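Worksheet: the structure to be examined is printed underneath.
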Amino acid sequence: MTVKTIITEPNKLLRQISKPVENVGKEEQQLMNDMLDTMYDANGIGLAAIQIGIPKRIIVMDIAKDGKKEPRYFVNPVIVKKDQIKNTHEEGCLSVPDQFAEIDRPSKCDVEYLDYNGKKQILRAEGLLATCIQHEMDHLEGILFID
Ligand code: ZN
């Protein structure tokens, strides 16, 4: 349980391409716990490992409302299917404080990933969930929503 420092633009680390995780072990689970604490502390709904300076393909998210907690963990996520229909959402980012922009992204996507226990899963995402996972996955490629 550690709240880490979130790095912000124009820190060059944010432009780095994150590396795949070979194995989901104790170290990776500890990292996911810390990422989640960091994200909750900053009132965010998603965080990629590179945002705390660690170039690993790991994302945590929680889009639940009303104080409920529904943490989600994604290791090595890959989009395997995208809808042609686009959706526009106003996006913000913990690494780009005080900036918001309307961004078009596929309204639905299927994502393959490993979960907290290293088990292969598939997520069929739409709405805010689809927007958020695509935003976080951009971080793994060194891309920010302001680009
Ligand atoms: Zn972001």
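Can you find a residue that is under 13 Å from I133 (Cβ atoms) and of a type in the set (K, R) anywhere in the stretch 52-73?
Taking every residue of the stretch 52-73 in turn, at least one turns out to be under 13 Å from I133 (Cβ atoms) and of a type in the set (K, R).
Yes/no matrix, rows are residues, columns are (1) touching a Gly at 6+ places or on another chain (Cβ under 9 Å); (2) within 22 Å of G142 (Cβ to Cβ); (3) among the hydrophobic types (A, V, I, L, M, F, W, C); (4) modelled with pLDDT of 95 or more:
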residue: V3; (1), (2), (3), (4): no, no, yes, yes
residue: N11; (1), (2), (3), (4): yes, yes, no, yes
residue: P20; (1), (2), (3), (4): no, yes, no, yes
residue: K26; (1), (2), (3), (4): no, no, no, yes
residue: M32; (1), (2), (3), (4): no, yes, yes, yes
residue: L47; (1), (2), (3), (4): no, yes, yes, yes
residue: I52; (1), (2), (3), (4): no, yes, yes, yes
residue: K56; (1), (2), (3), (4): no, yes, no, yes
residue: V60; (1), (2), (3), (4): yes, yes, yes, yes
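Residue by residue through the stretch 33-63, note down the ones that are more than 14 Å from the ligand (Cβ to nearest atom) and of a type in the set (S, T, Y).
If the condition is that a residue be more than 14 Å from the ligand (Cβ to nearest atom) and of a type in the set (S, T, Y), then Y40 is the only one that fits.
Looking at D83, D66, D104, D115 in this structure, which one is at pLDDT below 95 and either of a type outside the set (D, E, K, R) or more than 16 Å from the ligand (Cβ to nearest atom) (or both)?
The match here is D66.
Can you run down the residue pairs with Cβ atoms below 8 Å, 6 or more apart or on separate chains, where the first is in the stretch 97-108 and touching a residue at least 40 places away in the same chain (Cβ under 8 Å) and the partner is surrounded by 17 or more Cβ atoms within 10 Å (Cβ to Cβ) and part of a strand (DSSP E or B)?
Matching pairs, first to second residue: Q99/C93; A101/E91; I103/H89; I103/E91.
What are the pairs with Cβ atoms under 9 angstrom where one residue, in the stretch 16-29, is under 18 Å from T2 (Cα atoms) and the other, located anywhere, is surrounded by 13 or more Cβ atoms within 10 Å (Cβ to Cβ) and of a type in the set (S, T, Y)? Sequence gap at least six, or different chains.
Taking only residues 6 or more apart or on different chains, the pairs are E28/Y116; Q29/Y73; Q29/Y116.
Is it the case, given these coordinates, that P77 is in contact (Cβ under 8 Å) with a residue 12 or more places away in the chain and buried (at least 19 other Cβ atoms within 10 Å of the Cβ)?
yes
Taking the stretch 61-75, which residues are within 13 Å of the chain's Cα centre (by Cα) and either more than 21 Å from L144 (Cβ to Cβ) or charged (D, E, K, R) (or both)?
Once the filter is applied, which keeps residues that are within 13 Å of the chain's Cα centre (by Cα) and either more than 21 Å from L144 (Cβ to Cβ) or charged (D, E, K, R) (or both), the stretch 61-75 yields D62, P71, R72, Y73, V75.
As an exercise: evaluate G127 against (1) on the phi > 0 side of the Ramachandran plot; (2) within 16 Å of the ligand (Cβ to nearest atom) and give the number of the one condition it does not meet.
Unmet condition: (2).
Check off (1) surrounded by fewer than 19 Cβ atoms within 10 Å (Cβ to Cβ); (2) modelled with pLDDT of 95 or more for Q134 and give me the number that stays unchecked.
(1)
Let me confirm something: among Q121, Q99, Q134, which residue is within 15 Å of the ligand (Cβ to nearest atom), among the polar types (S, T, N, Q) and closer than 20 Å to P20 by Cα?
Q134
The values are calculated or read from the model by the stated rules, or taken from the named source; none is laboratory data. None of the values given here were measured: they were computed from a predicted structure. Ideal geometry is used to build each Cβ from the backbone, glycine not excepted, and the neighbour counts take in all protein chains shown.
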